[in-house]
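Working notes, structure below.
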Amino acid sequence: MKKLPLAVSLPGIILYLSFFYMINAVSLIAQEAKEEAPQKNKEKQEEIDRGSTITVTGTRTKKLLKNTTVRTELLDKKDIDSMGARTIADALKNVPGLEVRPAENGQRGETIRIQGLSAQNVLILVDGQRTTGRFNGAIDLSRFKVEDIERIEIVKGASSALYGSDAIAGVINIITKEAKSPYRGDFRTLYGTGRKLYYGNGGEFRNSGSIGIKKEDFSTQFTVGWHRGDGYDLTPDATEGTRSGRFTSQRNNYDFFPVNLGLFNKYYFFRNPERYTPVLENTTGNAFNDLNVSNKSIFTMVPGLKIQTTTYYRYLDQEAVDSSPPRAVFDRNNKTHDFMAAIALDYLIGNKWNLHLNTNYSRFLDRFTSDQRLSDSLDTEEVSDNRVTEVRSRVDYFYDRNVTVSLGLEALIDKLSSPRISIDCVRNSPYICTNELVNLEPANRNGNAGRQRNAVFAQADWKITDKVSVVPGLRHDNDSEYGGKTLPKLSLRYDPMKKVRVRFSSGLGYRAPTFRDLYFNFQNPSVGYQVVGNPRLQPELSKSYNLGVEWVFLRNFWLSVNLFYNKVDNLIGFRTAPAIASSGLLVFQTSNYKNAISQGVESSLTAKLTSSLSAGLGYTYNETEDVQTGLPLEGRGLHRGNLNLKYNDKTYNWGFSVFAVVFGKQDFYCTLNPFWCEPIELERLRGNSIIPGIRAIGTGTSLIANLPPAVNTYCNERNLSYCATEPTFGTRAVNAHTNINLRVYKKFLQDFEFFAGVDNMLEEFDVRYNPQKPRYFYFGVSGKFETLPSEEKKKPGI
């Protein structure tokens with residue numbers, strides 16, 4: 001039966017009423033506490049509000065956080081340090097509405113979902129610059145280390161009207177450090193490891209340092225980080241890897257049978273030769289060695305004219321062991337070079353005009369090698385090279401103090417060279433490869449593709465009254481690969497009371513098909529399939545709505561509740577092509593074939609309980625649906641909770657923080673058969689897609705024979721078991737778990753700090769559904785050296 005929208009479903013009504021009564025109850029309790037409590041000192045009554053922080057992501061213009069019309073969430077350096085975060089992935093794990101997960105098939109590292117939508121629909125920026133290097137649509141968040149991060153700004157909901165492609169689910173903008181003192185240096189060094197069963201004798205070393213210089217008309221900030229680790233392993237066997245030197249192992253009491261399986265079915269499962277094969281050596285978490293160098297410099301040429309340059313280079317070398325039943329074992333290596341350079345000019349002309357010009361160049365070069373042990377027949381070496389050049393211009397006109405109008409022009413050139421897309425002589429006229437005609441192997445099997453995007457956008461930021469603000473926006477994008485699209489967005493803000501803010505946003509989002517979607521060309525003859533792209537794809541489109549309330553009461557309590565609804569059309573995935581290729585391989589081709597809905601509510605409550613103790617509580621309810629099949633989107637859970645507790649003893653200069661994320665059960669697809677709902681093995685999917693709802697390879701169970709092909713296609717797409725010729729699916733709810741992280745610290749000599757902590761205290765993981773890092777202990781030391789500005793030195797007490 002088709003699900004009702006959340007707004008009219010019984011759980012939705014109960015949820016909304018619960019929040020309504022919760023808000024009223026908290027209000028009454030707070031009022032009583034205010035009347036009975038003695039007058040607190042000024043420090044204890046400090047308001048939980050970072051409104052003085054300047055943000056740029058919501059409208060691309062500088063705004064105080066408390067004055068933004070577009071809802072923007074913020075993580076500052078203090079938040080990031082209190083979590084013990086080492087990468088951006090660690091920092092984002094504790095934000096309601098965000099879900100950081102280990103990479104899925106074909107991805108790398110850790111990826112993110114926003115409001116239930118996949119990583120391919122999230123735009124990642126660094127200082128406003130678009131990042132490159134997606135794998136299967138996802139950016140690896142573990143690429144971005146925290147040593148050069150000042151803050152992270154998050155805008156949820158479709159933002160393509162401002163940022164163009166990929167901003168369907170939202171935007172995450174990583175703001176790097178800027179020198180703010182005449183001279184400042186800092187460093188941090190860390191070592192971490194875990195149980196030998198999973199980590200062997202290895203561990204992780206992370207070291208970083210930065211130097212900042214600020215003069216009257218110039219500032220520069222240099223940051224360097226070097227990190228290495230031996231990885232970890234969760235796989236079922238206990239043999240020592242010949243190359244890795246680490247143990248491949250599995251947590252105690254591992255049961256490889258599907259959950260809740262009866263004794264008879266276990267016996268059937270064990271006896272089924274297709275399902276049961278001996279385990280092979282392989283590893284879970286990559287061994288790595290990386291280097292990060294970054295610089296941000298700001299030049300004040302004349303009053304009102306500033307030039308900012310941003311540069312970073314990241315080198316990452318990863319090693320791992322993969323296996324492919326029945327006997328193949330591979331030593332894998334990835335070497336990645338990630339470079340970006342940008343220059344931006346900001347010129348305030350009088351009191352009415354502001355000109356902003358920006359250009360950037362980025363390159364992501366990845367070399368992948370896979371060396372089969374005891375054989376050379378399946379050895380692989382691939383080099384992918386993605387280069388992006390972008391030019392942006394924007395003019396802001398300040399009509400008066402309440403109205404700002406912005407007009408912008410943008411151009412982007414994107415080029416990719418990859419062995420996973422069709423080579424040029426196959427894809428382009430005359431569609432003949434002369435080398436192959438004379439049986440010569442081409443010197444370069446990479447395909448090359450390029451695209452250009454041009455865009456124009458307009459936006460107005462209008463404060464109608466002291467209580468009402470509105471930000472309408474409109475953008476037209478033209479892509480050389482698929483054509484043009486016009487994208488509107490509207491944001492509203494209403495402040496009914498001094499400490500209450502209501503924000504609403506609605507907009508269209510889109511994701512243009514990637515080069516791999518359009519021109520994918522990959523064969524795996526040993527398994528019997530081929531994957532090809534589709535140049536006729538249409539972009540993914542979304543409609544997004546967010547309605548949120550923020551309320552600061554009793555100065556020390558901050559409550560936020562946000563309702564969201566996202567509908568995405570034309571989701572791109574792989575489906576079986578109508579005919580078998582002449583080579584005899586089963587062909588999968590990219591297609592627009594799915595519609596999805598993600599809706600729910602995200603909430604958080606933050607309280608400063610004393611001058612030293614603060615706490616936070618969050619809850620996210622997320623309901624998803626594949627509209628065609630009626631199944632939920634794979635890997636999403638209905639419920640997720642967040643909890644944090646921070647203590648800072650200023651008398652003895654020590655403190656601790658605890659962060660917990662509670663995941664409810666998530667729905668994963670399984671193939672229905674007479675005995676159980678059989679999990680879909682990744683190897684049985686034969687590497688075809690990460691898009692939820694894809695069909696498994698096999699023979700269907702249609703009860704009606706000799707149906708027309710069009711009817712079979714209709715039934716297969718909609719998961720109708722009585723007429724489908726391919727396997728039909730159900731879901732199994734698994735992988736409920738809780739992640740708890742603890743960090744303690746002690747300051748000494750005023751500017752130095754010793755810290756230690758443990759991540760994943762409960763050692764929660766699952767090889768199939770949640771291959772995250774097992775319990776991990778770390779300790780380290782950090783410090784800073786700083787010369788304060790002369791005006792601050794004169795202040796009493798400094």
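Once Lys and Arg get +1 and Asp and Glu get -1 on their Cβ, which of 117, 102, 164 lies farthest toward the positive end of the dipole of the range 95-166? Farthest towards the positive pole: 117.
Using a probe of 1.4 Å, the accessible surface attributed to residue 746 totals some 90 Å² when neighbouring protein chains are kept in position. Pairs from the list 62/215; 196/747; 296/467; 66/646; 63/296; 66/543 with a Cα-Cα gap above 29 Å: 196/747; 296/467.
For the range 384-513, what is the Kirkwood hydrodynamic radius in Å, using each pair of distinct C-alpha atoms? In the range 384-513 this quantity evaluates to 18.7 Å. D by Stokes-Einstein for the range 301-385, Kirkwood Rh over Cα pairs, 10 °C, 1.306 mPa s: 95 µm²/s.
Net charge around residue 55, counting only other residues with Cβ within less than 9 Å of its Cβ (Lys, Arg = +1; Asp, Glu = -1)? Every neighbour counted, the sum reads +2. Across the protein chains, with a 1.4 Å probe defining accessible surface, the residues 59, 53 rank 53, 59 from largest area downward. For the range 290-328 and the range 474-549, what is the separation of their C-alpha centers, rounded to whole Å? Distance between centres, Cα-based: 25 Å. The relative contact order of the range 483-542, computed from alpha carbon pairs under 8 Å that lie at least 6 residues apart in sequence, is 28 percent. Assuming R0 = 51 Å, can you tell me the calculated FRET efficiency for the pair residue 343 and residue 647, based on Cβ-Cβ distance, to the nearest 0.05? Efficiency, from the Cβ-Cβ distance: 0.70. At an R0 of 30 angstrom, the distance between the Cβ atoms of residue 333 and residue 197 translates into a FRET efficiency of 0.75. With a cut-off of 13 Å between beta carbons, the residues surrounding residue 165 carry a summed charge of -2, where Lys and Arg count +1 and Asp and Glu -1. Between residue 64 and residue 372, residue separation times 0.36 nm minus the direct Cα-Cα distance comes to 105.3 nm.
Work out the FRET efficiency for residue 383 and residue 589 from their Cβ-Cβ distance, taking R0 = 25 Å, and round it to the nearest 0.05. Taking R0 as 25 Å, the efficiency between residue 383 and residue 589 is 0.50. From most to least packed by mean Cβ count within 10 Å, the peptides 129-142, 327-340, 285-298 give 129-142, 285-298, 327-340.
Positive contributions from Lys and Arg (+1) and negative ones from Asp and Glu (-1), summed over other residues with Cβ under 15 Å from the Cβ of residue 392, come out at -2. With all protein chains in place and ligands, DNA and RNA left out, the 1.4 Å accessible area ranks 476, 356, 227 as 476, 356, 227, largest first.
Computed with a 1.4 Å probe on the full set of protein chains, the accessible area for residue 301 sits at about 110 Å².
Our estimate of slack between residue 731 and residue 429, defined as 0.36 nm per intervening residue step minus the Cα-Cα distance, is 104.2 nm.
Each eigenvalue of the Cα gyration tensor of the range 65-147, multiplied by 5 and square-rooted, gives one semi-axis; in descending order these are 21, 16, 13 Å.
The values are calculated or read from the model by the stated rules, or taken from the named source; none is laboratory data. Model, not experiment: these values are computed from the prediction. Don't worry about glycine lacking a Cβ; one is built from the backbone with ideal geometry, like all the others, and counts go over all protein chains shown. When the accessible area is computed, the model is the full protein with side chains, heavy atoms only, and any ligands, DNA or RNA have been set aside. Shrake-Rupley method; radii C 1.70, N 1.55, O 1.52, S 1.80 Å.
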